[in-house]
1. A 25 angstrom limit on the alpha carbon distance is what I want to check against. Which of LYS195/LYS227; LYS167/LYS194; LYS45/LYS101; LYS31/LYS71; LYS145/LYS168; LYS164/LYS195 exceed it?
2. Show the residues, 5+ positions off or on another chain, whose built amide H is closer than 5 Å to the amide H of TYR209.
3. Post the alpha-carbon centroid distance, segment 54-108 to segment 190-213, in whole angstrom.
4. May I ask you to order 255-265, 161-171 by the average number of other C-beta atoms within 10 Å around their residues, highest value first?
5. Given only helices, namely DSSP H runs of n ≥ 4 each adding -39500 (n - 2.57), what is the per-residue ellipticity at 222 nm of the chain, to the nearest 500 deg cm²/dmol?
6. Between Rg and the Kirkwood Rh of the chain, both from Cα atoms, what is the Rg to Rh ratio?
7. Quickly rank 266-274, 94-102 as a protection proxy: mean count of other C-beta atoms within 10 Å, highest first.
8. Mean 1/r over all different Cα pairs, inverted: what Kirkwood radius does segment 230-280 give, in Å?
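No lab work stands behind these numbers, since they all come straight from the coordinates. Keep in mind it's a predicted model, so treat the numbers as computed, not measured. Glycine gets a Cβ as well: all are built from the backbone with ideal geometry, and neighbour counts include every protein chain shown.
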Amino acid sequence: MESDSFKCQYCNESLYGKKYTVKDDSAYCVKCFDSLFANICEGCKKSIACDSKDFSYKDSHWHEACFKCDKCAQSLVEKPFASKDDCLLCTECYSTEYSSKCFSCNSTIMPGSRKMEFKGSNWHETCFACQNCRQPIGSRHFIPKQSSVYCVPCYEKHHASQCKSCKKAITTGGITFQDQPWHSECLRCNGCNKKLAGEKFTSREDAPYCMDCYGNLYAKKCTACAKPITAQGGAKYVSFEDSQWHSDCFTCSKCTISLVGQRFLTQHGKIFCPACCNDI
């Protein structure tokens, strides 16, 4: 190439016998290239010459000597690092300042390592282990108890209540009846086998019954309507000799006036107010 044709694309000076660089198929002298294209170092704020190493991270650039931890000034060249609030930090400084502490061993959970999170606390994967068998929980199901966690087999063996009905461990969904633990699906009416969890029910001779079965099997029957008299809903009733009535049913057999708290007479198994009784 002739010296008069081999020139800097910008200043037009000959590049023959001089250092130069090429960008987009065009040649530039070092001075022009640096003034036109060199990146500014984030550390010293000076341009990074074309004959210097340019270290870049997220659209920012550094000289090799400036590419260092913002806290301890240790070089980050060919070393792992992390960024926080536009600062570069070596892994040791980042861990000290920002990494989580393991709830179990209180050591730092290093960036990039796997951690377990539960109720706002963090653990090393190997530290998040069953309190009893000490095996890491990993992706298995677990059950918390106070500040500890247990794998399901250990919890069922050492801590879970046993269902009064099926005798198996209760881990969730338990219900208490007569001071005994039951699975919610095991607590059923002794008459119709209906599930009783969340329903009103009563008991007789330690056996649970829904209100319908209890009323049909054991409750006294109203002399007037023949339906069971139960305490469901706080129902009141009137008793006289060997007969009982719902309060709403305790009325004169002729004029139907309520006789609750009133004088009444009986005749042939029926009750009457005094006025109606005199007309009979």
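1. On the way: LYS195/LYS227 23 Å; LYS167/LYS194 19 Å; LYS45/LYS101 36 Å; LYS31/LYS71 34 Å; LYS145/LYS168 19 Å; LYS164/LYS195 15 Å.
With Cα atoms farther than 25 Å apart: LYS45/LYS101; LYS31/LYS71.
2. Those qualifying (amide H under 5 Å, at least 5 residues apart or on another chain) are ASN190, THR202, SER203, ARG204.
3. Spelled out, the Cα-based centre of one part sits 66 Å from the other.
4. Numbers: 255-265: 13.0, 161-171: 15.2.
Per-residue mean Cβ counts within 10 Å order the peptides as 161-171, 255-265.
5. Working: 5 runs with 36 residues, N = 280.
-3500 deg cm²/dmol, from helical runs alone.
6. 1.53
7. On the way: 266-274: 14.3, 94-102: 16.4.
Descending packing order for the listed peptides: 94-102, 266-274.
8. Working: mean 1/r = 0.0870 Å⁻¹.
Kirkwood hydrodynamic radius for segment 230-280: 11.5 Å.
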